[in-house]
Amino acid sequence: MQTTVLDGILFSRLLRGGAANLKANITTVNDLNVFPIPDGDTGDNMFLTINSGATAAGEGSESLSQTAGKAASGMLLGARGNSGVILSRIFAGLSKGFEGIAQADVRALGRAFESGVSEAYSAVSVPVEGTILTVLKDSVTAANGNISDSSTLESYFADFNSELKQSLERTPDLLDVLKEAGVVDSGGAGLGYIIEGMINVLGGAEVALEAEGTARAKSVDLDAFGADSVLEFGYCTEFLLRLQTSKVDIDNFDVDELITYLNSVGESVVCFREGTVVKVHVHTKTPGNILNHMQRYGEFLTFKMENMTLQHNENHMQEKFAPKVNKPHKPFGVVSVAAGSGIKDAFISLGCDVVVDGGQSMNPSAEDMIAAFREINADVIFVFPNNSNIIMTAKQAAQLYDGADVRVVPTKTIGEGYAAISMMDTTVGDTDAVIAELEEVIAGVVTGMVSRAVRDTEMNGVVVKKDDFIGFAGDTVYTDSADRNTAAIELCEASKAQRYDIMLLICGADATEEEAQSLYDELHKKYRRTEIVMIDGGQPIYDYIIILE
């Protein structure tokens, strides 16, 4: 079949096809991880991002311009991680290219992709070649260069995909870190699976609209709520509702009245409208009443409900940090990102208003960040991402939110975030002065980590063996050992821990109490002039996080 016109329906189908093919290859993309530890998440982030767009686009029954606009809005809110943010900006560029048109021919598609390239590059303050940006640019240049009067969507995407594969193979030649790790760029690979999925649709494949959700299935402990259990925490209820003209005057629909109702029957309410779609998050013991009420206005597109008793048993801190409403106004608020109940507790004790659940391999979305901003009644909100892969998402969320002056402090590690928040002084001057002082604090912090290796490799002259423990700080691997405590001690030696006044030893979920105590005792003997504080962080992936201040 030769297709020459792209409309809203086909665009929506292409999105679904791209999302489905990426989902089928999530593990492959995740495994293209530069660091040989189990924290690869590019595949998850890109899938959750594009799936948010596919969900928002629906069946694409409107014009191409409207459908692409909805998809772009969905991706901007659903973007996770650097790769997800860049992907969302690619489709934001496509939406700009399709603005005001009901359908596009191949030349218009090419121009829209050029807009996508420009938008993606503008999203990164210092664009790095050898990443998804290069792969996209090369692919668009090659495909657009082959457009002729006889071009079809099939021929365009074939040219696009051919160059994409070649460009992807060249990424290690542009980035030494990829060559050293022996991998190609994971974001570029994810884009390749998306394009392949779109080609599958053009070839006749049918892909159903999938409800927005997580990439990795979560197991449920059925014993956590038995026959004699009492519903203490209610249900976490989330859904997308499409307003229907047959039920409500859409132009005059008042979302504030809906928010008032939701607060009267539940709590932790997050509710906003994007076009004819209403997004709702609410905690309630009577979800049925809410669902019946919502059908007065429209019909559900997606729906998710979880018994929060199960969530509470899985993570007893979750409800402690659940959204609150009607908080008193204050000049400054603080949002931080962290994983592990002990680390979250530590950040709350430092004065964080909200700790967003997330970290490596579980990056929060822009929408998650916005929900946190909505909980704080403050003029200025300081955000501490604590992970280099979350900074872009936090900045995107800050741009989308207009309820406060949101400032992202570019903390790349838990250590930087902990030190910065503990030293934050909002009386030093204006907001810019506060951030400048925090950046000075960040510059003096070293954060080392210990994690298990998932493959054999050699990095920075250190021979890494699969299933050993490696100690690293930033992009540098310092040590490899079959014992996690030995790796931690050698990491401290390489980091010259004796030069620092304070050491925080944050113990992960996989480190036993006996191991942690033994490590603390040995470090205490070795560094007698350094104050050592041990925290049961409970974080995944990292057996130990060592913060030196």
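The values are calculated or read from the model by the stated rules, or taken from the named source; none is laboratory data. Note that the coordinates shown come from a computational prediction; the quantities given were computed from them, not determined experimentally. Note that each Cβ is placed from the backbone with ideal geometry, even for glycine, and that neighbours are counted across all protein chains shown. SASA here: full protein model, heavy atoms, side chains in, ligands and nucleic acids out. Shrake-Rupley method; radii C 1.70, N 1.55, O 1.52, S 1.80 Å.
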If we ask which residues in segment 371-400 are in a helix (DSSP H, G or I) and in contact (Cβ under 8 Å) with a residue 12 or more places away in the chain, their number turns out to be 13
Screening 332, 239, 253 for residues that are of a type in the set (Phe, Trp, Tyr) and either over 25 Å from residue 58 (Cβ atoms) or at pLDDT below 80 (or both) leaves only 332
Checked 454, 463, 409, 434 against criteria (hydrophobic (A, V, I, L, M, F, W, C), more than 30 Å from residue 92 (Cα to Cα) and without any contact (Cβ under 8 Å) to a residue 40 or more places away in the chain); the one match is 463
Exactly one of 84, 110, 40 is part of a helix (DSSP H, G or I), out of contact with any strand residue (DSSP E or B) (no Cβ under 6 Å at 6 or more places or on another chain), open to solvent by less than 30 Å² (accessible area, probe 1.4 Å) and farther than 30 Å from residue 300 by Cβ, and that residue is 110
Selection from segment 437-454 of residues of a type outside the set (Asp, Glu), open to solvent by 50 Å² or more (accessible area, probe 1.4 Å) and at pLDDT 90 or above yields 443, 452
For segment 5-30 the number of residues that are in contact with a Phe, Trp or Tyr (Cβ under 7 Å, 6 or more places away or on another chain) and not in a helix (DSSP H, G or I) is 1
Within segment 350-370, residues being open to solvent by less than 20 Å² (accessible area, probe 1.4 Å) and either of a type outside the set (Val, Ile, Thr) or in contact (Cβ under 8 Å) with a residue 60 or more places away in the chain (or both) number 9
Picked from segment 266-287 (must be open to solvent by 40 Å² or more (accessible area, probe 1.4 Å) and at pLDDT 85 or above), the residue farthest from residue 242 (Cα to Cα) is 285
Checked against (1) among the charged types (D, E, K, R); (2) part of a loop (DSSP other than H, G, I, E, B); (3) without any contact (Cβ under 8 Å) to a residue 60 or more places away in the chain; (4) touching a Lys or Arg at 6+ places or on another chain (Cβ under 7 Å), residue 510 satisfies every condition except (4)
ask   = Based on what the data block shows, is residue 94 more than 17 Å from the chain's Cα centre (by Cα) and either assigned to a helix (DSSP H, G or I) or modelled with pLDDT under 95 (or both)?
value = yes
Flagged in segment 70-113 as among the aliphatic types (A, V, I, L, M) and under 25 Å from residue 155 (Cβ atoms), in numbering order, are 71, 87, 90, 94, 101, 102, 104, 106, 108, 109, 112
Picking from 133, 222, 174, 153, the residue that is of a type outside the set (Phe, Trp, Tyr) and at pLDDT below 95 would be 222
All conditions in (1) closer than 18 Å to residue 13 by Cβ; (2) among the small types (Gly, Ala, Ser); (3) at pLDDT 95 or above are true of residue 74 except (3)
